[in-house]
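These notes are about the structure you will find just below.
The values are calculated or read from the model by the stated rules, or taken from the named source; none is laboratory data. In this text, all values refer to a predicted model and were calculated from it rather than measured experimentally. Neighbour counts are summed over all protein chains in view; Cβ atoms, including those assigned to glycine, are modelled from backbone coordinates with ideal geometry. With ligands, DNA and RNA removed, areas are computed over all heavy atoms of the protein, side chains included. Shrake-Rupley method; radii C 1.70, N 1.55, O 1.52, S 1.80 Å.
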Amino acid sequence: MAAHEMTGAEIVIKALVDQGVDTIFGYPGGAVLPIYDALFQQNNIRHILVRHEQGAVHAAEGYARSTGKPGVVLVTSGPGATNAVTGLTDALMDSIPIVCLTGQVATHLIGSDAFQECDTVGITRHCTKHNWLVKSAPELARVMHEAFYVATHGRPGPVVIDIPKDVQFQKGEYAGPQNVVHRTYRPKVKGDIDKIKEAVDLIANAKKPVFYTGGGVINSGNLASQLLREFVRLTGYPITSTLMGLGAYPASDKQWLGMLGMHGTFEANNAMHDCDVLINIGARFDDRVTGRLDAFAPNSKKIHVDIDASSINKNVRIDVGIVGDCAHVLEDMLRIWKSKARRPDKDALADWWKQIETWRGRKSLSFKTSEDVIKPQQAIQRLYELSKHRETYITTEVGQHQMWAAQHFPFEEPKHWMTSGGLGTMGYGLPAAVGVQIAHPDALVIDIAGEASIQMCMQEISTAVQFMLPVKIFILNNEYMGMVRQWQELLHEGRYSHSYSDSLPDFVKLAEAYGATGIRAEKPSELDAAIRKMIETPGPVIFDCMVDKFENCYPMIPSGAAHNEMILGDDAEGATVSEEGKMLV
Amino acid sequence: MSTDEKVERHTIAILVDNEAGVLARVVGLFSGRGYNIESLTVGEVDQAEHTSRITVVTAGTPMVIEQIKAQLDRLVPVHKVMDLTVETNSVEREMALVKVAGTGERRVEALRLSDAFRARVIDTTHTSFVFEVTGTSSKIDAFIGLMRPLGLVDVSRTGVVAIARGPEAM
Ligand SMILES: Cc1ncc(C[n+]2csc(CCOP(=O)(O)OP(=O)(O)O)c2C)c(N)n1
Ligand SMILES: [Mg+2]
């Protein structure tokens, strides 16, 4: 027995190695010093020192989303743990597997308001999929392995393991992952075959079908994207996706309608509104997508595939709900479709596409360019054109720039697009880019940012410089919290209360102060050369792209409106929001 | 849609791993998502297996009740969730300790009524009784209602426990 005994800190490291972890993101402090000491004495795990614990979690999210592996975070007790809360909530909302280790005061001090004590499991109970307080070293190995299992199985999510300092010193026996079987948690991955048959029947008999896919396809893995592509092409049906699902289906394909929802395309939202069969694969009927619920796809039969049973019938009544993992269910759907030699209704489909083409003809993403001022949409289009020959990963902050990125930067592959969808966390993009670049050292990683958002986790540029991560921060600088300004214009008669970005730093000098490169573009004529220079610069770059201050993000379904009540860019003048809509966010 | 539907009262049994914080998870789920708790009871039911059973009485539209069950089911330490109101024929009981103070006519009347409810006297002084009464929640409500004018001073209720009829386990 004695031979297997290790300290709690050593158990933590050994468990991480046995779980295949090679990188963790963290920040030290008193309550995790023994783990930092154990890290110091080994070479299997690389520790990326961030500059703020929120950054550690977002970096781990970027790492996780671009690799499909769980992201691992190590922070100290008290303020270390509370600083991680935003990141954990973000990961919970977007179903990102994160294992976050927090230090805690020694067990005999818990509850005494000790220095840097906080009730971490209490605080994070609501923003994790599950959490544990480990009270002795002998249970540590089991909890570590259970934590990885819970974070990565079923609907993925963040978990927290709170480890008191005395437990890190205490000795206990180690057990490997193969010895740990979870007592209760057995998520269902195979869908009910009768339901799948029923769904295939509905799909085959549809006259006006549409696929509506989401982040679940990405989370399920690359196989799910492949199967989705095969099934969608086999049917010839149109497909749209949520913000989180971009890249699962190639944007260059002719069946692709673009993103749906509040800032989705005219064709995607109208197809949703008019469809007779809605095929939801791995999306969750979020309010950004549905708009007014009682007017959502009102004449459709709805199929919903989701690994989380609680997503089905939560916001929208479902006709055929299938609990299971997207890849498994798609595989069964394809098999049944083929074995029954199903064929879509050719004539109906041709009419449907004709209708869709007229919506597409509306060109809802178009915008007017100008000679003297850079349009934000144009900047993103140029960024795409000049980077598409590279392996490019995009992260974003939150605001108009995020929506413009989703609209104007096409994705061909899954796991190349990381954005904070559910929580809408300003400050996500830069640390996420750090995490992506760690996982993909040779790729081009760009954070499409706003000048306001970027200041929320700006400090992580220092992490990028330290670890020689050549991330590019592409700021669409409109000197406004543009999305807030847009809503104030629409909802509050243009009273721009505290949405002007005053006293901005000089981003070029800021970059230089951090030891990075700063580039500024102010005129459309300078844009291409400046973007090229950014891409060619070997280290981290802050690109200050001065854009039109008053451009609004269209199309837009205002809060409380239906999919077929969109505001389009060219007739947005004087648009308003209903009284009920004003109550919504 | 869901708002047009009628609100129903459901008794839900939840078998959980008896780990630290599990009750907080269940209660936090109800408060965090805005569901009702009309009654909640909890107790360990298998010491060797470390399992506890939580019984919750809640109210909501059918869609909300479905949501509550699905949300409970996805909590990691939950073994099983059972809706005793729809899935099976079940029996429910609640117990209350009811203290009534008074003398003379009122005291006699309290004792007489307690007999009709098959309540037991478990403590008595010259000026008070403590009754133990068991039954459905509505029976206990009725008993308390009758005691109110007769000198009701204190009530302690266990909340509802429930179990399915027939030979099967949960
Ligand atoms: C942490 C956080 N605080 C506040 C908000 C609300 N919010 C949403 S968008 C936005 C403005 C973002 O401004 P900027 O980064 O400049 O982006 P733009 O909309 O101008 O492109 C704000 C304040 C948020 N999403 N996150
Ligand atoms: Mg801005």
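Do we find that A:Pro431 is away from ligand 1 (no atom under 12 Å from the Cβ) and within 18 Å of the chain's Cα centre (by Cα) in this structure?
Against the criterion (away from ligand 1 (no atom under 12 Å from the Cβ) and within 18 Å of the chain's Cα centre (by Cα)), A:Pro431 qualifies.
Pick out the one residue from A:Ile356, A:Ile394 that is in a strand (DSSP E or B), among the β-branched types (Val, Ile, Thr) and in contact (Cβ under 8 Å) with a residue 24 or more places away in the chain.
Being in a strand (DSSP E or B), among the β-branched types (Val, Ile, Thr) and in contact (Cβ under 8 Å) with a residue 24 or more places away in the chain holds for just one of A:Ile356, A:Ile394, which is A:Ile394.
Of A:Ser462, A:Ser501, A:Ser497, which residue is more than 21 Å from A:Trp417 (Cα to Cα), within 13 Å of ligand 2 (Cβ to nearest atom) and polar (S, T, N, Q)?
Being more than 21 Å from A:Trp417 (Cα to Cα), within 13 Å of ligand 2 (Cβ to nearest atom) and polar (S, T, N, Q) holds for just one of A:Ser462, A:Ser501, A:Ser497, which is A:Ser501.
Results for (1) at positive phi; (2) surrounded by 15 or more Cβ atoms within 10 Å (Cβ to Cβ); (3) of a type outside the set (Ser, Thr, Tyr), shown as yes or no for each residue.
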| position | (1), (2), (3) |
| --- | --- |
| A:Ser339 | no, no, no |
| A:Lys346 | no, no, yes |
| A:Arg360 | no, yes, yes |
| A:Lys363 | yes, no, yes |
| A:Thr369 | no, no, no |
| A:Asp372 | no, no, yes |
| A:Ala379 | no, yes, yes |
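Take the residues in segment A:481-491 that are in contact with a helix residue (DSSP H, G or I) (Cβ under 9 Å, 6 or more places away or on another chain) and within 12 Å of ligand 1 (Cβ to nearest atom); name whichever of them is most open to solvent (accessible area, probe 1.4 Å).
Across segment A:481-491, the extreme among qualifying residues is A:Met481.
Could you name every one of the strands (runs of 3 or more DSSP E) located completely within segment B:94-170 that has at least 3 residues being more than 22 Å from the chain's Cα centre (by Cα) and at negative phi?
Counting at least 3 such residues, we get B:120-125.
Take the residues of segment A:439-474 that are surrounded by fewer than 24 Cβ atoms within 10 Å (Cβ to Cβ) and among the aliphatic types (A, V, I, L, M): which is farthest from ligand 1 (Cβ to nearest atom)?
It comes out as A:Met468.
Quick test of your reading of the structure: A:Arg520 fulfils all but one of (1) under 13 Å from A:Ile475 (Cα atoms); (2) surrounded by fewer than 18 Cβ atoms within 10 Å (Cβ to Cβ); (3) within 26 Å of the chain's Cα centre (by Cα). Name the failing condition by number.
Unmet for A:Arg520, out of (1) under 13 Å from A:Ile475 (Cα atoms); (2) surrounded by fewer than 18 Cβ atoms within 10 Å (Cβ to Cβ); (3) within 26 Å of the chain's Cα centre (by Cα): (3).
For A:Ser136, only one of the following conditions fails: (1) touching a residue at least 60 places away in the same chain (Cβ under 8 Å); (2) surrounded by fewer than 24 Cβ atoms within 10 Å (Cβ to Cβ); (3) more than 11 Å from chain B (Cβ to nearest Cβ). What is its number?
Condition not satisfied by A:Ser136: (1).
Does A:Glu331 count as away from chain B (no Cβ under 14 Å) and open to solvent by 80 Å² or more (accessible area, probe 1.4 Å)?
yes
Select, from A:Thr124, A:Thr128, the only residue that is polar (S, T, N, Q), crowded, with 22+ Cβ neighbours inside 10 Å and in contact with a Gly (Cβ under 8 Å, 6 or more places away or on another chain).
Answer to the check: A:Thr128.
If you go through segment A:397-432 one residue at a time, how many are among the acidic types (Asp, Glu) and either without any contact (Cβ under 8 Å) to a residue 40 or more places away in the chain or open to solvent by 30 Å² or more (accessible area, probe 1.4 Å) (or both)?
Total meeting the criteria: 2.
So if I check each of B:Gly166, B:Gly104, B:Gly145, B:Gly135, which one is in contact with a strand residue (DSSP E or B) (Cβ under 7 Å, 6 or more places away or on another chain) and small (Gly, Ala, Ser)?
When all the criteria are applied, what remains is B:Gly135.
Return the residues of segment B:82-110 that are open to solvent by 70 Å² or more (accessible area, probe 1.4 Å) and out of contact with any helix residue (DSSP H, G or I) (no Cβ under 6 Å at 6 or more places or on another chain); say none if nothing qualifies.
B:Val86, B:Glu87, B:Asn89, B:Arg93, B:Lys99, B:Thr103, B:Glu105, B:Val108
A:Val159 is checked against (1) open to solvent by 20 Å² or more (accessible area, probe 1.4 Å); (2) within 13 Å of another protein chain (Cβ to nearest Cβ); (3) not in a helix (DSSP H, G or I) and fails just one. What number does that condition carry?
Only one criterion in (1) open to solvent by 20 Å² or more (accessible area, probe 1.4 Å); (2) within 13 Å of another protein chain (Cβ to nearest Cβ); (3) not in a helix (DSSP H, G or I) is unmet by A:Val159, namely (1).
Might you let me know whether segment A:503-517 holds any residue that is open to solvent by 70 Å² or more (accessible area, probe 1.4 Å), acidic (Asp, Glu), away from every other protein chain (no Cβ under 14 Å) and within 14 Å of ligand 1 (Cβ to nearest atom)?
Checking segment A:503-517: not a single residue is open to solvent by 70 Å² or more (accessible area, probe 1.4 Å), acidic (Asp, Glu), away from every other protein chain (no Cβ under 14 Å) and within 14 Å of ligand 1 (Cβ to nearest atom).
Within segment A:427-451, can you find the residues that are within 16 Å of ligand 2 (Cβ to nearest atom) and in contact with a strand residue (DSSP E or B) (Cβ under 8 Å, 6 or more places away or on another chain)?
The answer is A:Tyr428, A:Gly429, A:Leu430, A:Asp447, A:Ile448, A:Ala449, A:Gly450, A:Glu451.
Scan segment B:53-84 for residues that are of a type in the set (Gly, Ala, Ser) and within 12 Å of chain A (Cβ to nearest Cβ) and report the count.
Residues in segment B:53-84 being of a type in the set (Gly, Ala, Ser) and within 12 Å of chain A (Cβ to nearest Cβ): 1 in total.
Out of all the residues in segment A:39-89, which are open to solvent by less than 50 Å² (accessible area, probe 1.4 Å), within 16 Å of ligand 1 (Cβ to nearest atom) and not polar (S, T, N, Q)?
Passing the criteria: A:Glu53, A:Gly55, A:Val57, A:His58, A:Glu61, A:Ala84, A:Val85, A:Gly87, A:Leu88.
Looking at (1) more than 14 Å from chain A (Cβ to nearest Cβ); (2) under 19 Å from the mean Cα position of the chain (by Cα); (3) polar (S, T, N, Q), which is the only condition B:Gln47 fails?
(2)
Yes or no: A:Gly424 within 16 Å of ligand 2 (Cβ to nearest atom) and over 20 Å from A:Ile519 (Cα atoms)?
yes
In the list A:Glu522, A:Glu512, A:Glu536, which residue meets the criterion of being within 16 Å of ligand 2 (Cβ to nearest atom) and modelled with pLDDT of 95 or more?
After applying the criteria, what remains is A:Glu522.
Yes or no: A:Leu101 under 19 Å from A:Glu53 (Cβ atoms), buried (at least 21 other Cβ atoms within 10 Å of the Cβ) and not charged (D, E, K, R)?
When the stated conditions are applied, A:Leu101 passes them.
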